[in-house]
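The values are calculated or read from the model by the stated rules, or taken from the named source; none is laboratory data. Here the structure is a predicted model, which means the values were calculated and not measured. Backbone-built Cβ (ideal geometry, glycine too); neighbour counts: all protein chains shown.
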Amino acid sequence: MKKIFNFSPGPASLPIEVLKQAQSELLNWNKLNISVMEISHRNKNFVHLIEEIKDDLRELIKIPLNYDILFCQGGARTQFSAIPMNLLYYNQNADYANIGHWSSKAIEEAKKYCIPNIINTVKIKNNLYYIKKMQNWDLDKNSKYLHYCSNETIEGLSVNEEPNFKNKIVIADLSSSILTEEININNYSMIYASAQKNIGPAGLTIIIIKKDLISKNKKKRKELPSVLDYQIISKYNSMFNTPPTFSLYLSGLVLKWLKKIGGVKYISNINRKKAKLLYNTIDRSNIYTNKISKHNRSITNVVFHLPNTNMEKNFLKNSEKNGLYYLKGHSIIGGIRASIYNAMPIEGIKKLINFMNDFEKMYS
Ligand SMILES: *Cc1c(COP(=O)(O)O)cnc(C)c1O
């Protein structure tokens, strides 16, 4: 099989070791003589697997015991509705930072349940986009919580700062950055992420939430569906309805892989190195441009443009010939996007940089 490097934004590339392990135990998981997909989620082997995934997440993200870990379905986008439905009683409102595409989608959903206080955080200076410092975000003291997306996957725009608000429930969408960098979970009341960027295959959404945020929630909207109710999900140990068992299993393997290679601190150093190599190449070049201020550049989604769309098409065509796949930028931004999550090895970055340099030479 020809080895390609997969720069897809999500579902994204998975560690090859993990895929090989899944392949080797596909027909016979845990010596049960069947695949993990075929057993009941109530089976003690599977219940044990769920507990191990939680333990590994606790270890990797350093999650204290006053936080619960919930496994949900429906992607991060389902949480755009589930969060206001769970946490806002009728007539309550919330702060929503608008940073980019996913922030704005969360705001669109929130508008069905409240009148969000929208904080426009993105500015332009010297033709570069930047995000206002969090201390200058205009929060409403009457709002129940603040929601924001810490890494805007499509724009490649990242807050790169941890929240530090007094007496504020802070909720962050970490779909494209969870486990790529160390965070202090105590700065958040809740974080959530769909799995298909850094954790495993699509189908699983991970929520890490302060227990008292769930237990204090006495007054609930009557229309809150049981499958989205954090109290119920927690009470049933994320098995109120059938969880996405294969996605959980594979995500569990990815967490073991991450622990084995050195954990979040170790991978974050590599991730920073990877991003730096790419941004340096862009900054040195005469044809590639990145429109984001250095402070807010994403380390997981590197977006850049060429002088015109013809050159971009040519870039994409030729990059594939070199084994570099799925580099096309999102249609709302255009250009090129290299998504370089945990599973992208540094060799992939080096190969991309060599290609970028060669491509530039063809035009000079
Ligand atoms: C991909 C992504 C989403 C959407 O995730 P789904 O699983 O498709 O719902 C939301 N937020 C961010 C930051 C993302 O990167």
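Just one residue in the set N354, N301 is among the polar types (S, T, N, Q), farther than 24 Å from E152 by Cα and not assigned by TED's automatic domain parsing to the domain that holds T180; that residue is N354. All of K211, K218, K260 fail the test of being farther than 20 Å from D173 by Cβ and either touching a residue at least 60 places away in the same chain (Cβ under 8 Å) or touching a helix residue (DSSP H, G or I) at 6+ places or on another chain (Cβ under 8 Å) (or both), apart from K211. Scanning the range 181-199 for residues that are crowded, with 24+ Cβ neighbours inside 10 Å and more than 12 Å from the ligand (Cβ to nearest atom) turns up just one, M190.
Looking at the range 159-177, which of its residues are within 10 Å of the ligand (Cβ to nearest atom) and either surrounded by fewer than 19 Cβ atoms within 10 Å (Cβ to Cβ) or assigned to a loop (DSSP other than H, G, I, E, B) (or both)? Steps first, answer last, please.
Residues of the range 159-177 within 10 Å of the ligand (Cβ to nearest atom): 172-177.
Result: L174, S175, S176, S177.
Looking only at the range 70-129, residues that are among the basic types (K, R) and either closer than 20 Å to S194 by Cα or not assigned by TED's automatic domain parsing to the domain that holds P201 (or both) come to 2 in all.
Keeping to the range 88-115, report how many residues are of a type in the set (K, R) and within 16 Å of the ligand (Cβ to nearest atom). Before you say what the answer is, go through the steps one by one.
Going through the range 88-115, the residues of a type in the set (K, R) turn out to be 105, 111-112.
Cutting the leftovers down to within 16 Å of the ligand (Cβ to nearest atom) gives us 105.
Result for the range 88-115: 1.
Being under 28 Å from P201 (Cβ atoms), touching a Pro at 6+ places or on another chain (Cβ under 6 Å) and at pLDDT 95 or above holds for only one residue in A338, A343, and it is A343. Please specify each residue of the range 1-36 satisfying the condition of being of a type outside the set (S, T, N, Q) and in a helix (DSSP H, G or I). Answer for the range 1-36, where residues must be of a type outside the set (S, T, N, Q) and in a helix (DSSP H, G or I): I16, E17, V18, L19, K20, A22, W29, K31, V36. The single condition among (1) within 16 Å of the ligand (Cβ to nearest atom); (2) surrounded by fewer than 16 Cβ atoms within 10 Å (Cβ to Cβ) that K125 does not satisfy is (1). On the basis of being more than 30 Å from I214 (Cβ to Cβ) and modelled with pLDDT of 95 or more, does N301 make the cut? It is true that N301 is more than 30 Å from I214 (Cβ to Cβ) and modelled with pLDDT of 95 or more.
Is it the case that some residue within the range 62-78 is among the basic types (K, R) and within 15 Å of the ligand (Cβ to nearest atom)? Yes, the range 62-78 contains a residue that is among the basic types (K, R) and within 15 Å of the ligand (Cβ to nearest atom). So in the range 31-46, with the set limited to residues that are β-branched (V, I, T) and either in contact with a helix residue (DSSP H, G or I) (Cβ under 9 Å, 6 or more places away or on another chain) or surrounded by 14 or more Cβ atoms within 10 Å (Cβ to Cβ) (or both), which one is nearest to G203 (Cα to Cα)? My answer is V36. For the range 210-236, filtering for residues that are acidic (D, E) and either exposed (fewer than 14 other Cβ atoms within 10 Å of the Cβ) or assigned to a helix (DSSP H, G or I) (or both) leaves 2. Taking each residue of the range 149-160 that is closer than 12 Å to A172 by Cβ and in contact (Cβ under 8 Å) with a residue 40 or more places away in the chain and looking for partners that are in a strand (DSSP E or B) and of a type in the set (D, E) with beta-carbon atoms closer than 9 Å, six or more apart or interchain, yields C149/D173; N151/D173; S158/E152; V159/E152. Taking the listed residues Y325, Y279, the one that is touching a strand residue (DSSP E or B) at 6+ places or on another chain (Cβ under 8 Å) and without any contact (Cβ under 8 Å) to a residue 24 or more places away in the chain is Y279, with no other qualifying.
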